[in-house]
Each structure stands twice: as structure tokens, then as C-alpha cells.
Amino acid sequence: MLANLESGLAVARSGRVVVASGDNPFITPEAVRDLLERAPEAALVYPIVPRAAVEARWPGMRRTYARLRDGVFTGGNLILLDKALFQRALPMARKIVALRKKPLALAGTVGWGVLLKLLLGRLTVADVERRAEQLFGMPMRALVTEYPEVGVDADSEEDVRWFEEGDARANRS
């Protein structure tokens with residue numbers, strides 16, 4: 001994934017680029033527009049989706065969620081990235097991508113204080129942003145989006161079957 005990103009950034013003309021995962025079957029132009037229009041100034045903007053938004057659209061879908069003081073969120077499959085960040089952040093990015101589906105291991109990587117706050121239900125989005133800035137040395141921001149398609153992907157055969165069964169259920173209705 002990161003090698004593909006590096007290749008794409010090498011030919012990107014803009015200083016800021018939208019990066020989308022290739023396994024997001026429901027992404028919409030409106031969701032991307034929302035990111036572009038509401039993104040704060042930062043080297044990296046990472047959308048997060050409230051659990052309630054995902055479950056309202058896809059009841060019963062299994063996702064990885066983090067319970068923060070601000071709410072329960074799943075990570076997005078889009079980011080807005082400043083190209084200058086990429087080379088500087090590559091070593092840490094590799095580590096975080098490897099742990100992205102393991103919230104506790106990821107929290108341990110970013111610090112025991114973060115892990116403790118997460119376990120106690122006291123971790124906030126702002127805490128995560130501050131720690132990310134410390135790790136990467138650049139401004140990082142989360143963007144809460146109500147577009148559930150941003151937080152949904154097909155990582156496994158089980159996910160694909162779930163989507164296919166959902167399509168079949170919808171066609172029977």
C-alpha cells in the first residue's frame with residue numbers, strides 16, 4: 001500500500017492529494033467533496049466516522065471501532081495528505097499501517113499514556129491529534145464525517161460476502 005502511494009505521489013502535481021484505499025466499494029463524490037471542503041489546515045487530515053453513522057446505513061456490519069471520550073469511531077479510507085509529509089513520515093507510517101486493524105497494539109506504539117487514556121475512556125480526538133503531531137513532527141487533524149461510506153471497506157472474503165448478501169437482500173425488497 002505505501003509503495004503504491006509513494007509511486008502516485010511521485011507524479012502528483014499538487015502539493016496536497018486525496019488518497020483513497022482501493023477496497024472501498026461505496027465511496028461517493030459527495031464524501032470526497034466533504035473532505036475537501038471541510039478539511040482543516042494540516043499536513044494530514046484523516047476522516048473518522050461515528051459508529052452510529054455506519055450502523056444506520058449498514059446495520060450489523062463489523063468494523064474496527066475506537067471508543068473515545070468524543071464518541072465511538074471507525075477510521076476512514078480517505079486521507080488528505082501534504083506530499084512533503086510522506087517521506088518524513090514513511091517509517092512511522094509503515095508501522096502504523098501494519099497495526100491499523102489492531103487498536104490496542106496501535107495505541108501501544110503511539111505511547112502508553114495514550115493506551116491508558118484509551119482504556120479508561122478518557123482519550124479524546126484532540127489527544128490523538130497531539131500525539132500524531134509529536135510522532136510525525138507535522139500538524140495532523142481528524143475530521144469527523146457523517147458519510148459512512150468513508151469508513152467501510154472490503155478487507156476480507158467475509159466482507160465481500162456481507163456486501164453481496166446485502167445487495168441480494170436489497171433486491172428482494
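A single entry from P40, P47 fulfils the requirement of being closer than 15 Å to R141 by Cα, modelled with pLDDT of 85 or more and surrounded by 15 or more Cβ atoms within 10 Å (Cβ to Cβ): P47.
So is L123 farther than 21 Å from R16 by Cα and part of a helix (DSSP H, G or I) or not?
On the way: farther than 21 Å from R16 by Cα: yes; part of a helix (DSSP H, G or I): no.
Answer is no for this residue.
Exactly one residue among A154, A132 is outside any helix (DSSP H, G or I), of a type in the set (G, A, S) and under 27 Å from E30 (Cβ atoms), and that residue is A154.
Taking the conditions (1) at pLDDT below 85; (2) over 17 Å from the mean Cα position of the chain (by Cα); (3) not β-branched (V, I, T) in turn, L116 satisfies each one other than (1).
Take the range 13-29 and flag every residue that is within 14 Å of Y46 (Cβ to Cβ) and hydroxyl-bearing (S, T, Y). Of everything in the range 13-29, just one residue is within 14 Å of Y46 (Cβ to Cβ) and hydroxyl-bearing (S, T, Y), namely S21.
Looking only at the range 33-52, count how many residues are in a helix (DSSP H, G or I) and closer than 15 Å to D153 by Cα. Step through it out loud before you land on a result.
Of all residues in the range 33-52, those in a helix (DSSP H, G or I) come to 33-38, 51-52.
Within this subset, residues satisfying the condition of being closer than 15 Å to D153 by Cα are 51.
So the answer is 1.
In the set V160, V128, V150, only one residue is crowded, with 18+ Cβ neighbours inside 10 Å and either over 16 Å from the mean Cα position of the chain (by Cα) or over 23 Å from A84 (Cα atoms) (or both); that residue is V150.
With the structure loaded, tell me whether K101 is touching a residue at least 40 places away in the same chain (Cβ under 8 Å) and touching a Ser or Thr at 6+ places or on another chain (Cβ under 6 Å) or whether it fails that test. In short, yes.
Could you list, in sequence order, all residues of the range 64-92 that are assigned to a helix (DSSP H, G or I), crowded, with 19+ Cβ neighbours inside 10 Å and touching a residue at least 60 places away in the same chain (Cβ under 8 Å)? Please lay out each step first, then the result.
The initial filter retains those residues of the range 64-92 that are assigned to a helix (DSSP H, G or I), namely 83-92.
Retained after the next criterion (residues that are crowded, with 19+ Cβ neighbours inside 10 Å): 85-86, 89.
F86, the sole residue that qualifies.
The values are calculated or read from the model by the stated rules, or taken from the named source; none is laboratory data. Model, not experiment: these values are computed from the prediction. Every residue, glycine as well, gets a Cβ built from its backbone with ideal geometry; the counts of neighbours run over all protein chains shown.
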